[in-house]
1. Subtracting the Cα-Cα distance from 0.36 nm times the residue separation, let me have the gained length for residue 27 to residue 61 in nm, one decimal.
2. Okay, which of the range 1-28 sit inside 20 Å, backbone N to the point 7 Å along the Cα-Cβ direction of residue 34?
3. Residue separation times 0.36 nm, minus the C-alpha to C-alpha distance between residue 49 and residue 5: what's the value?
4. Based on alpha-carbon atoms only, what is the radius of gyration of the chain relative to the globular estimate 2.2 N^0.38 Å?
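Derivation of every value follows stated rules applied to the coordinates shown; laboratory data play no part. Owing to the predicted nature of the structure, the values given are computational and were not obtained by experimental measurement. Cβ sites come from the backbone with ideal geometry, for glycine too, and all protein chains shown count toward neighbours.
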Amino acid sequence: MLVQIDGQDVVAAKPGDIVMIPPYVRHWHSASSDGAMEHFAIVEAVNGTAVTCMEKLTEEEI
């Protein structure tokens, strides 16, 4: 799995790794070209919203 916090380097997370993103921090996550991704998130809803999705990344951006 690949993950990147806006403005930082892309990080490759391995099976069993825990990736923590602080609230309200723009980030993305994706499967890598040679592996699948499983995503499990624990979030708290604020004003009835738990997640704000942004634009999808293109293959070139990943």
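1. Fully extending the segment from residue 27 to residue 61 adds 10.9 nm.
2. Only 1-4, 10-17 pass the distance filter.
3. That works out to 13.8 nm of additional length.
4. Details: Rg = 12.4 Å, N = 62, 2.2 N^0.38 = 10.6 Å.
Taking N as the residue count of the chain, the ratio is 1.18.
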